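Just below is one structure, and these are the notes that go with it.
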Amino acid sequence: MVSHPMILLFYRISAFFNTMMGIFHKKTTENNYFINKSYIPSPDDPLIEDQDGKAGLRYGSKTFAHSGCAAAAVYNALRILGDPVPLADIIRHFEGHGAAFFAALGTAPQAAVKYFSGLGYYPIRTSNRRKFRELAENSDVMIFTIMNDRRSIRRMLHTMCVEHNNACFTVHNSHGRAETYPNYDEMMANLGDGGGKADGVYLVGIRKC
């Protein structure tokens, strides 16, 4: 099993080099922004629950459907917090500050902390497995990055927005839909590949003002 510190170090380094190489990505970023501005959420379906259904959008060198789970999680979280930001603006930000290998491998989990801090929030984060439950139960909204299968990094990571309300956890953009669980353990048993195979990697918790 790949350790969390190694995963997070890899993403931190790749995101750093992505930022340093930003001048070479500028044209693609602006082209992507022009395409992504076309996305307008439906009043009846304001959150992104199935990123695979947004195949026309772009993120870095890939499609949003391929690599955009973290951007979708941040977008959903801000809408839940009552502070919506256009998806195109969120994508453009992470293309310059957080995308791993210009989004070929998604987004560094740590990038959400700086983004929310920049908006005036006070996010709390942890990569300690023993602290995930406590932070989750004391947050209103979370950005949660998991390994889909703790036994194999080849099953990749997935980042989701999780809403904590009345002791229940609603996970957005999980398996192409919103899923509500009565407690933390039930949620972890069903995330990723299911069957209790998922493993938390990085959790960012935010309290509503």
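The values are calculated or read from the model by the stated rules, or taken from the named source; none is laboratory data. These figures come from a predicted structure and were not determined experimentally. Counting neighbours? That spans all protein chains shown, and the Cβs are built from the backbone with ideal geometry, glycine included.
A single entry from Asp50, Asp44 fulfils the requirement of being surrounded by fewer than 18 Cβ atoms within 10 Å (Cβ to Cβ) and within 15 Å of the chain's Cα centre (by Cα): Asp50.
Yes/no per residue for (1) acidic (Asp, Glu); (2) surrounded by 13 or more Cβ atoms within 10 Å (Cβ to Cβ); (3) within 13 Å of Val141 (Cβ to Cβ); (4) out of contact with any Leu (no Cβ under 6 Å at 6 or more places or on another chain):
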{"site": "His158", "(1), (2), (3), (4)": "no, yes, no, yes"}
{"site": "Cys161", "(1), (2), (3), (4)": "no, yes, yes, yes"}
{"site": "Asn165", "(1), (2), (3), (4)": "no, no, yes, yes"}
{"site": "His175", "(1), (2), (3), (4)": "no, yes, no, yes"}
{"site": "Leu191", "(1), (2), (3), (4)": "no, yes, no, yes"}
{"site": "Lys197", "(1), (2), (3), (4)": "no, yes, no, yes"}
{"site": "Gly200", "(1), (2), (3), (4)": "no, yes, no, yes"}
{"site": "Arg207", "(1), (2), (3), (4)": "no, yes, yes, yes"}
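Would you pick out the residues in the range 175-209 that are among the aliphatic types (A, V, I, L, M), part of a loop (DSSP other than H, G, I, E, B) and either at pLDDT below 95 or in contact with a Phe, Trp or Tyr (Cβ under 6 Å, 6 or more places away or on another chain) (or both)? Within the range 175-209, Ala198 is the sole residue that qualifies. Considering the range 129-158, the residues that are polar (S, T, N, Q) and at pLDDT 95 or above include one that is farthest from Phe16 (Cα to Cα), namely Asn138. Counted as qualifying within the range 111-174 are the strands (runs of 3 or more DSSP E) with 1 or more residues that are under 16 Å from Leu47 (Cα atoms), namely 141-147, 157-165, 168-174.
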